[in-house]
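Here is the structure we will look at.
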Amino acid sequence: MILHKLSILNYKNITQADLELSPKLNCFIGQNGEGKTNLLDAIHFLSLCKSIGGGVDSLCIRHGEDFCVLQGQYSREDGMKEEIYLGLKRGQKKQLKRNKKPYKRLSEHIGLLPLVVVSPQDGELIGGGSDERRRFLDVVLSQTDYRYLDALVNYNKALQQRNALLKMEDPGPDLELLSLWEEEMARHGQFLFESRRAYVDAFIPIFQHFYALISEEREQVGLSYVSHAQRGNLLDVIRDSRSKDLVMGYSLHGVHKDELEMTLGGYAVKREGSQGQNKTFLIALKLAQFDFLRRTGSQTTPLLLLDDIFDKLDAHRVEQIVRLVAGDSFGQIFITDTNRDHLDQILGRMGGEYQLYHVKQGNISA
């Protein structure tokens with residue numbers, strides 16, 4: 001997948017930008033707070049219909065404006081052209097069009113333009129709660145299988161309904177209705193569990209391969225998927241917890257509690273890893289995610305967004321990463337950095353095609 005042209009109007013601090021992009025490397029240089037991340041965020045929004053950090057869509061509209069517009073012109077490996085339009089207007093639903101035709105459901109768009117982003121927010125994958133690690137699984141699986149996204153939406157709906165019933169006071173919830181929502185949770189949850197388990201099994205050796213390349217095999221890393229569904233029949237697991245759930249007022253068991261344990265040298269990486277090791281761990285996770293998406297899903301090479309990834313890494317690991325992503329296995333790449341000289345030296349040694357842009361106060365110039 002190649003993004004050839006990107007047009008931005010009133011997106012965060014970017015008033016207007018019309019960019020013709022390199023099919024390989026696109027580097028955006030500027031100080032913090034100037035708008036580099038916002039530019040990558042616009043590309044992310046066109047692919048996944050949401051900002052990198054999530055949140056309310058209206059916050060993406062530039063202060064003082066009533067709307068924003070994003071447009072991208074893409075081409076796939078098979079030569080097919082794609083033109084994507086996304087419009088946000090305060091107080092209204094987002095508008096998304098593919099080749100001038102509106103989508104009936106936004107979920108139909110997910111996976112068309114596969115994308116992986118590496119950003120400073122990824123630190124929450126290690127230091128944050130289990131919901132961050134589940135989201136890591138959900139993002140890639142939703143882009144590779146539309147059934148997964150449907151199952152996730154339906155599971156969360158059933159979970160929300162069950163939790164609402166559990167909160168009901170005297171005379172308490174309708175047990176027949178509670179049972180129906182438990183069946184829905186178990187049916188969709190079983191599909192999510194099996195998909196996540198198969199993905200993690202296939203993902204682990206890819207992740208370990210990338211970590212070894214970046215670190216030159218200095219450390220051993222691992223991943224382990226843990227789920228309540230591993231205890232047996234998921235419906236039984238959910239129902240066995242019903243009495244406790246009624247006391248707590250929410251569902252204690254189910255795939256919404258799944259965990260992805262991350263280890264360095266056999267110990268939890270959040271306790272053992274240095275800043276550099278943690279950063280290497282995260283980048284290896286995302287590069288492996290990229291490789292998995294490339295091999296599956298829409299059968300097109302994803303876009304790769306690298307936002308300020310060089311901080312807290314020694315120069316050698318930085319060069320290893322850039323050499324990796326500049327290889328034939330990766331397609332179009334977008335990199336942000338504050339250090340022009342540093343990036344120039346690396347790219348100069350590597351050779352190959354790239355485009356350099358400067359970003360200042362939301363203005364982007366080549």
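The values are calculated or read from the model by the stated rules, or taken from the named source; none is laboratory data. Just so you know, these numbers come straight off a predicted model, no measurement behind them. Neighbour counts are summed over all protein chains in view; Cβ atoms, including those assigned to glycine, are modelled from backbone coordinates with ideal geometry.
Among all positions in region 28-47, there is no residue which is part of a loop (DSSP other than H, G, I, E, B), assigned by TED's automatic domain parsing to the domain that holds I309 and farther than 21 Å from Y357 by Cα.
Restricting region 278-314 to residues that are polar (S, T, N, Q) and crowded, with 21+ Cβ neighbours inside 10 Å leaves a set whose member that is farthest from Y74 (Cα to Cα) is N278.
Entry remark, region 155-192: residues being surrounded by fewer than 20 Cβ atoms within 10 Å (Cβ to Cβ) and within 25 Å of V139 (Cβ to Cβ) number 9 in total.
Residues in region 85-123 that are in contact with a helix residue (DSSP H, G or I) (Cβ under 7 Å, 6 or more places away or on another chain), surrounded by 16 or more Cβ atoms within 10 Å (Cβ to Cβ) and without any contact (Cβ under 8 Å) to a residue 40 or more places away in the chain: L88 only.
Within region 249-259, identify whether any single residue is under 20 Å from L282 (Cα atoms) and either in contact with a helix residue (DSSP H, G or I) (Cβ under 8 Å, 6 or more places away or on another chain) or surrounded by 13 or more Cβ atoms within 10 Å (Cβ to Cβ) (or both), and answer yes or no. Yes, because at least one residue in region 249-259 is under 20 Å from L282 (Cα atoms) and either in contact with a helix residue (DSSP H, G or I) (Cβ under 8 Å, 6 or more places away or on another chain) or surrounded by 13 or more Cβ atoms within 10 Å (Cβ to Cβ) (or both). With a requirement of 3 or more residues that are of a type in the set (G, A, S), the helices (runs of 4 or more DSSP H) lying completely within region 110-195 that satisfy it span 146-166. Pairs meeting the criteria (first residue in region 257-275 and in the same structural domain as G189 (by TED's automatic domain parsing) and in contact (Cβ under 8 Å) with a residue 40 or more places away in the chain, second residue among the basic types (K, R) and part of a helix (DSSP H, G or I), beta carbons under 6 Å, at least 6 apart or on different chains) are D258/R134; L260/R133.
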